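Bear in mind that the values in this text are calculations on the coordinates, not laboratory data. Only a predicted model underlies this, so the values are computations on that prediction, with no experimental measurement involved. Quick reminder, even Gly has a Cβ in these numbers, built from the backbone with ideal geometry, and neighbours come from all protein chains shown.
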Amino acid sequence: MEAASGPHFSGLRLDGLSSSSSSSTGSSAGPYPPSTVAESNAPKQPFVIGVSGGTASGKTTVCDMIIQQLHDHRVVLVNQDSFYRGLTAEESERVHEYNFDHPDAFDTEQLLKCVEKLKCGQSVHIPIYDFKNHRRCSESFRQVNASDVIILEGILVFHDPRVRNLMNMKIFVDTDADVRLARRIRRDTYAKFVKPAFDDFVLPSKKYADVIIPRGGDNHVAIDLIVQHIRTKLGLHDLCKIYPNVYVIQSTFQIRGMHTLIRDRDVSKHDFVFYSDRLIRLVLEHGLGHLPFTEKQVVTPTGSVYTGVDFCKKLCGVSIVRSGESMENALRACCKGIKIGKILIHRDGDNGKQLIYEKLPKDISERHVLLLDPVLATGNSANHAIELLIQKGVPESHIIFLNLISAPEGIHCVNKRFPSLKIVTSEIDVALNEEFRVIPGMGEFGDRYFGTDD
């Protein structure tokens, strides 16, 4: 069913998308070697959006609006019109008899090659078509570089299955035929070529769309939803696709700016603490969103009834000493009167033995637990803390592990052993170095935060 005032999601099918010296370690790092898990070396893939619809339906307007709203990502637009075949001398003489809306009017093979190269991270030369002389400009082209998002726009981009299969999202711009006629009638003969081609080739391809936008560029609700989804997919790390219980908060210029500050080795302690606290608060708020809620109705000052949700009552925090203690103030600010336990894990000599100190709420087995540690490095210390919580009766699925940064090795290590808990972080870093420190990282977080570094 198509909604007149919003987008139509017809079986939304969205394939995944990958989205990025000082060193760092936290109490989750420790001097233990990380678990070795083979990582994919496949190149990063851009997000390819196909935008189709009838002639003068508003496809270009929709594409322009998406590009404008994705201003903090690299976006390129590839028009199917650039791949028109040049007319022969005989066809040029009878140009008014030539059907430019037929699939045979396009060089689909070259279009395929260009999009495939862009998906592989290579730059391409897009032909420039001379619409006055109906042939390609032999010495001119438009260079298009690899980007985060590729928008492929044209009336017949859904017609060939090979082109469709390159797309992560397919959008059909659905505009009333009378409106399209009014826009197009001044430009060429609508009844002779445009309408028959639409009925024969364009309209049947509508069934392949993931999203159908009624009213084209006038449908701001649909475009906003599409842009938000694209932003989410662009911010989705590869590991979030491997482990659905790993969540990275949506990246913005503000978040990237705060990471830039706290990762700078020359930043002042005051700024390091201030911006770390801001990031910690964002991670905590995101983590709280994964707790169970119950429906609740309240009466507003206007006498109206508002149906909302009630917060989870059985909750506590547990910090891994000592870096995790930096996250306690933000947790208290979000959750009034919350109980907070502590776990200390310390290696005793070289024999592999560990000293563990814990002070936890007596009824912790009945609570959801927010486990706090700013840095997830190897994951070994984190695993010991999680194992202790489980021994105390906390269900694995009731644990949410909150970090500022996480190393891929640590995420693998924790998820391999505890696949039911959730991990929430603000950024996933590149890797661990030979000293098992997070790279690029942000140094010894506890020392920097509490002022005990040199």
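Report the far tail of the P(r) of the stretch 295-395, meaning the percent of Cα-Cα pairs longer than 24 Å. Summing the P(r) of the stretch 295-395 above 24 Å gives 35 percent of all pairs.
Given the stretch 269-311, report the % of alpha carbon pairs whose separation exceeds 16 Å. Of all Cα-Cα distances in the stretch 269-311, 59 percent exceed 16 Å.
By the count of neighbouring beta-carbon atoms within 10 Å, fewest first, Val246, Val369, Val51 end up ordered Val246, Val369, Val51. For the stretch 229-304, the dipole from Cβ point charges (+1 on Lys and Arg, -1 on Asp and Glu) about the Cα centre works out to 140 debye, to the nearest 20.
Pairwise Cα separations in the stretch 96-145 fall into 10 Å bins from 0 onward with the following percentages, short to long: 22, 46, 27, 5, 0. In a fully extended conformation the segment linking Thr452 and Asp199 would gain 83.8 nm over its present Cα-Cα distance, using 0.36 nm per residue. Of Ser147, Ser92, the sequence from fewest to most neighbouring Cβ atoms within 10 angstrom is Ser92, Ser147.
Average projection, convex hull of the Cα set of the stretch 46-234: 10.5 square nanometres.
When only the Cβ of Lys, Arg, Asp and Glu is charged (+1, +1, -1, -1), the dipole of the stretch 212-371 relative to its Cα centre reaches about 240 debye. Backbone geometry of the stretch 394-404 corresponds, through the Karplus equation with coefficients 6.51, -1.76 and 1.60 at θ = phi - 60°, to 3J(HN,Hα) couplings of 6, x, 4, 6, 9, 10, 10, 9, 10, 9, 7 Hz, x marking Gly and Pro. Inter-label distance, Cys137 to His229: 3.6 nm, where each label sits 7 Å from its Cα along the C-beta direction.
Taking each of Lys339/Lys416; Lys113/Lys233; Lys241/Lys422; Lys113/Lys241; Lys59/Lys241; Lys342/Lys416 in turn, the alpha-carbon distance tops 22 angstrom for Lys339/Lys416; Lys113/Lys233; Lys113/Lys241; Lys59/Lys241; Lys342/Lys416. I'd like the distance between the alpha-carbon centres of the stretch 252-277 and the stretch 376-426, rounded to an integer number of Å. So the separation of the two Cα centres works out to 25 Å. Approximating the spin labels as points 7 Å out from Cα along Cα→Cβ, the Asp266-to-Gln45 distance works out to 4.2 nm. Rounded to the nearest whole angstrom, the semi-axes of the ellipsoid equivalent to the stretch 74-122, taken from the Cα gyration tensor as √(5λ), stand at 28, 10, 8, largest first. Once both labels are positioned 7 Å from their Cα atoms along Cα-to-Cβ, the gap between Ala333 and Ile356 label points is 3.2 nm. Taking 0.36 nm per residue of sequence separation and removing the Cα-Cα distance, the Val309/His96 pair yields an extension gain of 70.3 nm.
Taking other C-beta atoms within 10 angstrom as a stand-in for reagent exposure, Phe100, Phe445, Phe450 fall in the order Phe450, Phe100, Phe445, fewest first.
Over the stretch 238-450, Cα pairs under 8 Å with separation of 6+ residues give a relative contact order of 22 percent. Return one quarter of the surface area of the convex hull spanned by the alpha-carbon atoms of the stretch 238-450, equal to its mean projected area, in nm². If I average the Cα hull's projected area over directions, I get 14.0 nm². Among Gly289, Gly317, Val299, which residue has its Cα furthest toward the positive end of the charge dipole of the stretch 283-338, with +1 on Lys/Arg Cβ and -1 on Asp/Glu Cβ? Positive-end residue among those listed: Gly317. Computed from the C-beta positions of Ile390 and Lys207 and an R0 of 45 Å, the FRET efficiency is 0.35 to the nearest 0.05.
Shown in residue order for the stretch 420-426 are the 3J(HN,Hα) couplings computed by the Karplus curve 6.51 cos²θ - 1.76 cosθ + 1.60 at θ = phi - 60°: 9, 7, 9, 10, 10, 9, 9 Hz (x for Gly and Pro).
Sparse packing (at most 10 other Cβ atoms within 10 Å of the Cβ) combined with a DSSP loop state is found for the following trypsin sites (Lys or Arg not before Pro) in the stretch 268-359: Lys313, Lys336.
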